[in-house]
Structure formats: C-alpha cells, structure tokens
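Student: What follows is a structure written as structure tokens; I'll ask about it next.
The values are calculated or read from the model by the stated rules, or taken from the named source; none is laboratory data. The shown structure was predicted, so the numbers you read here are calculated from the model rather than taken from an experiment. Every residue, glycine as well, gets a Cβ built from its backbone with ideal geometry; the counts of neighbours run over all protein chains shown. We work out accessible area using only protein heavy atoms, side chains counted, and drop any ligands, DNA or RNA first. Shrake-Rupley method; radii C 1.70, N 1.55, O 1.52, S 1.80 Å.
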Amino acid sequence: MTIRTVVNGRPVTEPIPVRWTLAEFVRDRLGLTGTKLSCGMQVCGVCTVLVDGRPVSACSYLAVDVDGCEVTTIEGLADAGSLHPIQAAFVDHFALQCGFCTPGFIMMAKSLLDENPRPTRKDVVDYLDGNICRCTGYQPIIDAIVDASERMTP
Amino acid sequence: MSVLPPFELHRPTSIEEVVELISWDDLPYVGGTELLLAMRAGLLNPRSLIDLKGVAEITGVRAHNGAVRIGAAVTHQQAATTEVISEKLPELPPVLLHVGNPRVRWSGTLAGNLCFAEPKSDVIPFLIALDATVTLVSADGSREMSVREFIIGPYFTARTEHELLAWIDIPVVPGRRGTYLKYQVMERPTVGVAAVRLDEGDSTITRVVVGAAGEVPVVHDVDHAHPDRSAVATAVVDALEPIDDLTGSSDYKRHVTAVYVERALEKLERM
Amino acid sequence: MTRSAGRSVPRSDARAKVTGEAKYAVDASRPEMLHATIVRSDRAHALIKDIDTAEAAAIPGVSAVITSDDLDGLFPRFGHIVADHPILAIDRVRYYGEPVAMVLAASRHTAADAARLVRVSYEGLPEVMSIAAALEEGAPLLHEERYDHGDESFGEAMSDDWSPSNIAHEVCLEWGDVDAAFTDATEIVETTTHYPMLYAYAMEPYNALATFDEGALEVITTAQHPYQVREDLARIFDLPLAAVRVTSPFLGGGYGSKSYTKVEPLAAVGAWFSRRPVKLALDVEEAIYTTRADSATVTVKSAFGADGMLTARDFQLDLDSGAYADNGPLVLAKAVHRCFGPYRIPNLRVRGRSFYTNTTPASSYRGFGAPQGNLAGELNMDQAAERLGIDPGEIRRRNLLLPGEEVLPGARPLDADLPADLEMVLESLDSSRPRGPLHGIGFGASASDAGAFPVSTATIKVHADGSVTLLTGSTEMGQGSQTALAQIAATELGVPLGSVRVLQSDTAITPYERTTGASRTTTLTGLAIQRACADALEKMMAMVSESREVPVEDVKTSDGVISIPGGGDLTFAEAVQDWFGSRAGEVTGVGIVRKADSTAMLPPFWEIGMVGVEVSVDAETGYVTVDHLATVGDVGYAINPALVEGQDLGAATQGLGAALFEQLIYDGPQPLNPNVVDYRVPRSRDVPRTIDTMLAERRDGVGPYGAKGSGEGALNPIGGAVAAAVGRAIGRWPDRLPLTPEYVWRLMHMETEAE
C-alpha cells in the first residue's frame, strides 16, 4: 500500500509492502541508515525514531502506521550542518564509543527533553531504561543528557 | 534481522466493521507491541491485522457512569497523561509508568496488554485490584465482565473468536488508595504487587493482587484498613502457585512475594 | 603548537556517530545484491539424513538454496587454529543453531519466507551438554577426525600424539616443586569457582556483504581482524591473499567477539555460488548461535608460609568451549597464563583443559580467559587472608610482584607498579573505614600477557598540500583508535591533529595488522606509526637536502617544518612540491613492528587490572547494589586520557554484568535465553553511585611515550572483587557468578536450610 508521510521535514509518498517495519522503510527504502537494529524486541532502543514526536522502536513498528504522520530520524536532528545541542553534548562528554546505540540514545534524549526540559539525573536514568549501551558504562551518556538540558534551557 | 510474515491490513473506522472482520486469523492491533514480536518469532501467523487506530469510538478516555472508560486504542502513555484519569483515577498513572519503557508505553495499549494476558503484566494486577471491567463486542451484541474473570490463564482470556475488547471501565471510588510495587531484576518482574484500600459501606477493604510470580494473579481481600501485613503475606503466598523461570525459582518467588506484599501494604498505609 | 598526544581531544568519529552518518558493515549494500537467510539446526547433536529444499527453491524470488553438498571444489571448513568449523553442516550438526542451509533471494523477506520451508530430517545422536557429560566414560564424541592446523604460531595446545576425545585442548604450565611446597606449607587454602557462559552482545550482530568480481573476492564485514579472516577465505576458495579483500568499517561493538572468522564464509559462498553480491545479516539470536565465551570451573589450591607469603599455587581449569575450536585453544592458553595472578609464586602448576560440548562454539571475549581464572585466584587470596588473619590488602601487598620481577619464565619482566596501583584502589575505597551490616568491599588484581604476537605495519602519506593520511589495518570498534592513532601521528610529525586523516582496515589498501585485540593497538600500531612518521620525515629531509642542495645532516625538522641552514624553513607541502617539481607527488613513510628490537620479548606488555568495589546487599531479597567502583588504568602514558577512562569504565561495566546478571543458560539441548530480554546486561539504572576511574602514568610501557594498552584490564578482576565484597557483606564466600539476588539470598540462608 502507499503511505504518505513526512520524514525529517521532507514529504514522502511511497508504495510499500504492509509487513515492512518502520526500520525497514527508513533504512532500505529511504537510505536513512543512521537508525540501527539490534535486539528486535523493543528493549535495546537502537532503532528509536520519533513519530509525531513520540519515540517508537522502529524494529517493531509497522511502516504503514506512519501514514499521515511526521517521522524524525537521527538524520533529521542536526540543523543545516550544525549539531543539535544533544549531539554536541554527546561529542563533548565522550558519550559514545562504537556509536551503534548512539542514534537511539540521542532520539530518546530528544523525546525526554521535549517532554521534560530539565530532568533530574534520576529522570534521565529512568527514561533510558529501555536503551542499552554496551561500551560506555552509561555514565557519560547520562552526563551528556543532563548537560544538554542545561544548554537548551539555561 | 528476522522479518515479519506476510499479512493483509484492514483499516476499519467503526466497531461494526471491526467485528465483521475479527477472528483468530484476523487480529486487531494498535501498536503491535507484543503481537509483532510474536509474529516475528513464528508464534502467530495471522491472515490479516485490523488497525484499531481509526475507530473513533475506542480511541479516547472519558467519564462514563461512575467509571472511567478507556478505549481499546488508548496507549499507556495517553492514559497516564489524560486529564480525566489524573482527576478521577490518580492512582493509575504511576502504575502505567512501570510498563516496559517509554517506547512501549507510547505504542502499547492497556487493552492489548489484557488481551495478550502476559502473566508478567504490570497492568493486569492493578486493574483487577481496581475492580475494572472489560466490554467485549461482537456482531451478536456485547457483554461486560470483570478483568479478574477475563484473565483465565497465561496468554489465555475469555475473549471468543469474533469478539473485540472495546473498552475498559474502571470504577471511580472516592477515597480509594492504591499502589503497585514490583521486584524486577530481569526485563520482566519477578513479582508485582497491587495493593488497594477502599471503603465499602461501614467497613474498609484492603485488597492485594499479586502478579508475575504465578501464572495467574492471586487476589486476597481483607476486611480491615490496616491488616496484619505478615498475615496477609502468608495468606497470599499460600494461595500462590509460582513456577520456576528465569526470574526466579518458585521458592524464591514465594519469599520475595511475601517481602513485597508487606512492602506494598506498608506503602499503602502511608497513603 | 600544542602537542596532540596526552590530551583528551574529542573523538574524530564522534560527529559521524551522533549524526547517523557513520557507516557500519550492516549499512553496506550493492546493486543486484541478494539477501541470505540461514536455516539452522534445531538439534544439538544429530546426523543429517536429508535436506529438502524443493519447496523453498520454488518460491518466486529465491535464487538458490545452498547446502554443504553444493560446496564441491571448495575447502569447506574454517578456523584459524583448527580448521574444524564447517561453513554449512556436513552430514552432522553439533549444536543447536548450527547453520545447515542458506537461502538466497532478491529480498530479505523472501529469503526468510523460503527458509521456513526448508525441511531437514535428522537422526538424533546422544548429546554432550556439559563438561561432566563430556568426561563420562563412553561419552559420545563430538569430533572423531583430526583437522588441519591453521595458525603455526600456536604450538602450545597442539601435541603430536592424538586420539579422539572430548578434551579439545590441554595446556599445562609448571615450575618449581609444587608438591614439596604443599608438604611444607603452614596453611593450604583451596577454592573452587564457576564462571558463567557469556554472550558479548556487541550490539551490531554479525553481518557480511560478499562480492565475487573477476576472480577476486571482496567482503565488507564486522570483523575485528580482517587480515585473519582473509586467510580463512583464501583457503576456502584457494585464492591468493591478493585476490581477497576484506574491509571492516566502523564496528558496532567487538569486545573480542568479532575476532576471527564468523559469517564471512557463508556470505562469500553465497556470492561464489550465485555470482551476485550476497548480504548476510544475523539477528541477536543468531549471533548467540555464532559465538559465546567459555564457561569455566576452576579449582585453586594455594600454599602459604606463616608470614602470609605464597609458596605454591596449583590450578585446574576446565573450560566448556562448545562444538568447534574457533579461538578456544588460545583462550585456554591465555587462561592458563592469567589465572595465578600477578604474585610472586616460587612453585606453580596450572593444568588447563577445554572441552567439546554440543553448545555454541566459544571464542574470545574481552579479557580472553583472564576473568574465568582470576575469579578463583583472587577469591582464594581473600579466603587465605581471612584464614591467616591478615588484611586482604596486606596479603596482596606482601605477594604482589614488583616492577621488573618475572611473571612467567622467559617472558618480559613486569612493566608496572602493582603495589602502587593497589594503594590507589584502597584509598579510593577508604578501605580501613568500617562498613555497616550487609555492606562490603572487594578488590583484586590481574596481569595479562597482552599485545598478542607483535606484527604491525603502518603507512603515513604526506600529501603535496601538507595534509596527512594515516593508513592502518587496526579496526575502529569503539575503542577510539582512529583518534588516538591520529594523535600519535600528529605528534610525531608535528602537525595539527586536524590535518591527519585515518583510513582503517581494508586489506587491499591498508598495511598489514595482525589483529585488533589483546589491547594492542595503542602500543604496537602506535609504534608502527611512530616509525612510519620517522620514515616520512627522513625521506622529506633527504628530498629537501637534494632539492635545496644542502648536506642532509644539516636538514632538521620540528613542529611540522623542515629547516635548512640560513634560516630557510619549508613546510611539508613545500618540501614535497619542491622535490617533485610541481603541485604533485606525496611522500610515503612505512613503519614496521615485529618480534624484534623493543618488541622482541613477549608479551609486548603486561596489561594490568586493579579494581575495587563497595557493594550493599538487600537483606530481604539478596539484591546486590554496587555503590562504588574504582579502577586504575595502569597504562604507562595515556595518549587520550578520556578514551582510556572510557575503556576502563566500559570494561568494568561489562565485568559487573558478568558478576551480577549475565549468563547464557542451556536447558537441555538449547539455550533458554538467546535474546536480550532474558539475557540481562547492565542498564543505566545499574550504574554505580560513585565511579572513580584513575590513571597511573609511569611511562613504563614499550609503546609510544611509554604507553601500554587498556581495554581488558578493568574487566578481568571485577568478578572476583564483587564476589569478595558480597562475601564480606553477607559473611559467606560465593563460589560462582553471576551473583543473582536469588543466589545471594540462598547463600545468606544456607545455614538455616542445612539445619
């Protein structure tokens, strides 16, 4: 079936098989490979994208369900080449190593800060319960998000 | 990454259309939180999926006959942040924030959680504790039953082949207090304890519902506002039929169930 | 100019990784590419009677269904130490999840649909699911034939007299007179521990994209060691190394689990068979069926004098290594070298065995055999301290090796100050402060013969505009090599960091690198880069000498400038352009590291682990919370301190996962938890309240500026430290990991249960 959606601000009309996941749609059809795949069970968070501003696991979300919605992937965050404050904070805090989980963490952080601009450290930890990082030990990620919230809402 | 099996998609806009389509091979969905995983794992292979998101009658939350009515298409996050629930059922939102993670809460629904009848659900014990009911609609009419009756066993409900769980009604009871505490080491809880206190006529009832530790929730009512915590814990554990799994052995589950029943009652007393 | 080395400059790959632009192997695609899906065994041990592919092959869009029968003319196995691993099962399966057939189709969906239709008939064989079962009299044998040896450098585990047995490999180590020392001992302390079967969970599951083009094979893959994979592929297809190109882009995690060949032969066989590019991307469950880490049962007996000095240690290590060798023999050898601890031991005996069982093949994982043995060795020291009435810090102080002392006969003397590292940890933990009930501290040490066999080469190109390309075969898998290696090159050449670009891990283009493992990159690749830079500078000075007609000995260089007598300073760009006579040309510097000169003696360095934790235990549930984590990165010199601390915290966190939660559980023939829902890794809520990642920079390493490696050290002693801390908190020594709440609760109540 044909879906009409807006991806990272760009209108997209595409015919797709109904069994495609949102991850397959953005990665394979749109070439937006910044969205990663790992656990396939909604617990690791690497495939997080925003649909109408809400975070979803693109690995387990039907692409047809973004028909009529706005989708934001990691590629849609930087504004005209300048990093989003969350992205900048991740760079500054060494909040990534292999980087495979990074797009998912950043999209979750975006969703959190949209909902709650000045979260406590505990708010951040709780919100990230469904995101796994196997490299960093999390502390730099939590630091980066707390710092980003301060940069965005001084 | 494994893929979903092929299926057809329906997008009805009314309950009538849904109940025309619904069957064991034609499954309703909203987020597909649990359904899509089961399909990818090969556990379910439906002919079609029926998207409920376009059915206006079941997409909202509203006050109805002394209860709050939550439509089948309402997500955990939506319910947790809806004004009518914050006003009339303030005990519910904190429990919904225990479910999965933010992504699961944004796409998963309370109704889906009930229909899946996952024994480790956080929502089911609390809905039982609140005396919630479900309304099942089919082409032949509708019927209402308590969530307690609806959940028959693990992954097994009273819903028949051509019925849609249309909405959940949670009675609004002034002065009711409720809490939910869970013990969770793995991705899913070892034990979840809902504890509710409400006035019924002259007496006060304290109700404890224990989920996750056994295959079906255990419900225990005491006719007292501040029951002996240890006695309640013992009674609940006696009624519990825990199974060994990755969240703990049955011995350990009995032990932590007693611990968490006491902790939940202690918390309830402070409410 | 500010020197690049020694500063926490931001990661050079960070921007690409936060914007989603970073390309991983799984993101690669080719026009006309086919997708592969693997049909896997649902038996742990069985003969294959028949594979019916007809129904699957008939699905529109399916190009081929391949079984081992289709591999005629190929060498059908791989394995760099023992080539025992069939690409597709040959007549028999030896573990649940073993690849049996491969479906190629135009889309991933079609391939998956068709794979569900491949019917395999089996005749069951008795299964060997544990070490105990493997050792039983008359136990079924997993392997009855002896396979080709791959790696010649691995002599230790390969003996000439051979008879079929489920003992896959044996490695022994002995010096002194152990038996006599035990006879004379004041105190003998014996400890047995069990280390769980682990899954590394590198978040990008194994995947590869293979293409055959004009007789040459190209593979883009998730391999840490592309050069090692190249050798396996060359043998399979009987191709010269020059005709096999293996590329490793950014890796989504490695941690050793992407060492050596995994899915590359499958993708390559698909491409060879179909004459089309073939992409194979596993999911997490399939990754668990590809590699895991060895579980182990270790018994250690230590003899002490009345002064608390070790007089002898005797270790027995048994590793469950699964169905095929993979890197198991080397893991065993390393486990044997790493179990006894960085202590002065006059008499030592270590007997290590690894066993074939009908489980996923085990291979390298961060720490590489060290954590398994260290748990037993360090807990044994704690128990000895208790028995002898000595403080656990003090017993280590007395026995720890001093700088320059011998760890292993014939090996490099210890290049670290362990007693000083220990004091840093004890101070961080405030170890003399009394702890409340159900609180405890634990700490431990390890020294690993790290760096692996030293073969590294590096190329530096100084271009006509003065910018620099660094070519290295070391893979960027998160450790930050792209950044740290550029820092070394910029420092050596005296140029700004921004003018150095790094190109990594493409066997057709980058110079040879033996592996990216064993914490070797900063030290060995770093040395090769220093030499390449020196070579490039020397060449440029010679060129300037020629083009400006000054004696070469009068040409000098510093800070990115080449100077000649009379005050003439030339930039690198001018030096290159002058000599070539136009705005063209470049200068190539080559650097080589081999088992010679400063790296003649093995290991290239000792990787130190020195960690401590404070834990609290919930009285009612047994739940263990880590309140304080202290690590010492004894790295000689930190080229980029933030990267080193990141390695230490990351390694320690993985260690905490194994200590508290992680274990792959077999329930009969198949794993009970082959997914991330049921295999519990550390989450953000598990982060210790206080984290103290300390660095010890004593410039005592063989690498650039005195550097040594990091990345594994902080993991190795974590398990023992947490076990000791929990033991002190509850007054009972654990004998296994993970310390799940239920296990701790049972330990706390053992006495009452026994009564």
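Student: Protein chains only, probe 1.4 Å: how do C:Ile188, C:Ile730 rank by accessible area, largest first?
Tutor: Largest to smallest exposure gives the sequence C:Ile188, C:Ile730.
Student: Next question. Roughly how many percent of the accessible protein surface of chain C is carbon and sulfur, given a 1.4 Å probe and a whole-percent answer?
Tutor: 49
Student: At a Cα cut-off below 16 Å, give the lysines reachable from C:Lys556, other chains included and same-chain residues fewer than 8 away excluded.
Tutor: C:Lys539
Student: Roughly how many percent of the accessible protein surface of the stretch A:85-152 is carbon and sulfur, given a 1.4 Å probe and a whole-percent answer?
Tutor: Ligands and nucleic acids excluded, carbon and sulfur give 51 percent.
Student: With +1 on the Cβ of every Lys and Arg and -1 on the Cβ of every Asp and Glu, and nothing else charged, how large is the dipole of the stretch C:1-69 about its Cα centre, in debye rounded to the nearest 20?
Tutor: Here the size comes out at about 860 debye.
Student: Still on this structure, I have one more. Express as a percent, rounded to the nearest 5, the fraction of DSSP beta bridges in chain C (both residues included) that run antiparallel.
Tutor: In chain C, approximately 75 percent of DSSP beta bridges are antiparallel ones.
Student: Sticking to Cα atoms, compute the Rg of the stretch A:85-152 to one decimal and its Dmax as the biggest Cα-Cα distance, whole number, in Å.
Tutor: Just the Cα atoms of the stretch A:85-152 yield Rg and Dmax of 10.4, 28 Å.
Student: For the protein assembly as shown, what is the calculated [θ] at 222 nm in deg cm²/dmol (nearest 500), taking -39500 (n - 2.57) for each run of four or more DSSP H residues and dividing by its residue count?
Tutor: -8000 deg cm²/dmol
Student: Only counting protein heavy atoms at a 1.4 Å probe, give the residues of the stretch A:83-119, ordered by number, whose accessible area falls by 50 Å² or more when the other protein chains are present relative to the chain alone.
Tutor: A:Leu83, A:Val91, A:Phe94, A:Leu96, A:Gln97, A:Cys98, A:Phe100
Student: Around B:Lys182, which amide H atoms from residues at least 5 apart in sequence, or from another chain, sit under 5 Å from its own amide H, with H modelled in the peptide plane?
Tutor: Amide H to amide H, under 5 Å and 5 or more residues apart or across chains, B:Lys182 pairs with B:Val193.
Student: On full extension of the chain, what length is gained from C:Asp569 through C:Ile90, given 0.36 nm per residue of separation minus the C-alpha to C-alpha distance?
Tutor: 165.7 nm
Student: For a quick check of understanding: with a 1.4 angstrom probe and all protein chains in place, what accessible area in square angstrom does C:Arg685 have, to the nearest ten?
Tutor: Using a 1.4 Å probe on the heavy atoms, I get roughly 90 Å².
Student: A further question on this structure: Return the subset of C:Lys301/C:Lys334; C:Lys258/C:Lys334; C:Lys23/C:Lys258; C:Lys23/C:Lys334; B:Lys120/C:Lys17; A:Lys122/B:Lys182 for which the Cα-Cα distance in this structure is over 26 Å, preserving the input order.
Tutor: C:Lys23/C:Lys334; B:Lys120/C:Lys17
Student: Sum up the charges of everything whose Cβ sits under 14 Å from the Cβ of C:His194, counting Lys and Arg as +1 and Asp and Glu as -1, but leave C:His194 out.
Tutor: Overall, the nearby charge balance is -4.
Student: Now for a different question. From Cα coordinates alone, what are the radius of gyration and Dmax values for the stretch C:514-669 in angstrom?
Tutor: 25.6, 84
Student: Using +1 on the beta carbon of Lys and Arg, -1 on that of Asp and Glu, and nothing else charged, what's the dipole of chain C about the Cα centre, debye to 20?
Tutor: Roughly 1440 debye, rounded to the nearest 20.
Student: Same structure again: In Å², what does the accessible area per residue of chain C work out to with a 1.4 Å probe?
Tutor: Here the per-residue accessible area is 33 Å².
Student: Something else about it: Just which residues of the stretch C:165-213 lose 50 Å² or more accessible area with every protein chain there, against their chain alone, with the probe set to 1.4 Å?
Tutor: Those residues are C:Met203.
Student: Continuing with the same structure: When only the heavy atoms of the protein chains count and the probe is 1.4 Å, how do A:Arg121, C:Arg594 rank by accessible area, highest first?
Tutor: Result of the area sort, largest leading: C:Arg594, A:Arg121.
Student: What accessible area per residue, rounded to a whole number of Å², is obtained for the stretch A:85-152 using a probe radius of 1.4 Å?
Tutor: 27
Student: Can you list residues whose amide H is under 5 Å from C:Thr557's amide H, if they're 5+ apart or on another chain and H is modeled 1.01 Å from N?
Tutor: Those lying under 5 Å, H to H, from C:Thr557 are C:Ser563.
Student: So, one more: Give the ranking of A:Cys101, B:Cys115 by solvent-accessible surface, highest area first, calculated with a 1.4 Å probe.
Tutor: B:Cys115, A:Cys101
Student: Let me ask you something else. What does the charge count near B:Phe150 come to, summing +1 for each Lys or Arg and -1 for each Asp or Glu among other residues with Cβ under 14 Å from its Cβ?
Tutor: -3
Student: On to the next question. What is the average number of partner chain Cβ atoms found within 10 Å of a Cβ in C:616-625?
Tutor: Taking all residues of C:616-625 together, the mean is 3.
Student: Which one, A:Leu62, A:Cys47, A:Thr13, is farthest towards the positive end of the dipole of the stretch A:2-76 when Lys and Arg carry +1 and Asp and Glu -1 on their Cβ?
Tutor: Result: A:Cys47.
Student: Just which residues of the stretch B:72-102 lose 30 Å² or more accessible area with every protein chain there, against their chain alone, with the probe set to 1.4 Å?
Tutor: B:Asn101, B:Pro102
Student: Using a 1.4 Å probe on the protein heavy atoms only, what accessible surface does B:Trp106 show? Give it in Å² to the nearest 10.
Tutor: Accessible area, nearest 10 Å²: 60 Å².
Student: Please give the total accessible area that chains A and B bury against each other, computed with a 1.4 Å probe and expressed in Å² to the nearest 100.
Tutor: It comes to approximately 2300 Å² buried between A and B.
Student: Something else about it: Viscosity 0.890 mPa s, temperature 25 °C: Stokes-Einstein D of the protein assembly as shown from its Kirkwood Cα radius, in µm² per second?
Tutor: Rounded to a whole number, D works out at 78 µm²/s.
Student: Something else: Work out the length of the dipole vector of the protein assembly as shown about its Cα centre, built from +1 on the beta-carbon of each Lys and Arg and -1 on the beta-carbon of each Asp and Glu, and round it to the nearest 20 debye.
Tutor: It comes to approximately 1900 debye.
Student: Under a crude label model (7 Å from the Cα following the beta-carbon direction), how far is B:Asp25 from C:Glu214 in nanometres?
Tutor: That separation, rounded to one decimal, is 5.4 nm.
Student: Right, something else. For the stretch A:2-76, which whole-number percentage of the solvent-accessible area (1.4 Å probe, protein heavy atoms only) is attributable to carbon and sulfur atoms?
Tutor: The nonpolar share, carbon plus sulfur, comes to 46 percent.
Student: Also, I was wondering about something else. Report the C-B buried area as the accessible area lost on both sides summed, probe 1.4 Å, in Å² to the nearest 100.
Tutor: Summed over both sides, the interface buries about 2000 Å².
Student: Which one, B:Tyr29, C:Val350, B:Tyr155, is farthest towards the positive end of the dipole of the protein assembly as shown when Lys and Arg carry +1 and Asp and Glu -1 on their Cβ?
Tutor: B:Tyr29
Student: Mind checking C:532-538 for the average number of partner chain beta-carbons within 10 Å of each residue's beta-carbon?
Tutor: That average works out to 0.
Student: Obtain the nm distance between the two label points defined at C:Asp307 and C:Ile509 by a simple spin-label model: each point lies 7 Å from its Cα along the Cα-to-C-beta direction.
Tutor: 6.1
Student: Order the peptides C:243-249, A:42-48 from the highest to the lowest mean number of other Cβ atoms within 10 Å of their residues.
Tutor: Highest mean packing first, the order is A:42-48, C:243-249.
Student: So, one more: Can you send over the solvent-accessible area of A:His93, 1.4 Å probe, protein chains only, in Å² to the nearest 10?
Tutor: Surface open to solvent at A:His93 totals about 60 Å².
Student: Roughly how big is the A-C contact, given as buried accessible area in Å² (both sides, 1.4 Å probe, nearest 100)?
Tutor: Summing both sides, the interface buries roughly 4000 Å².
Student: I want the local charge near A:Gly130. Using Cβ-Cβ distances under 12 Å, sum +1 for each Lys or Arg and -1 for each Asp or Glu among the other residues.
Tutor: Net local charge, A:Gly130 excluded: +1.
Student: Okay, next question. For a protection proxy built on the mean count of beta-carbon atoms within 10 angstrom, sort C:542-549, C:16-23 highest first, please.
Tutor: C:16-23, C:542-549
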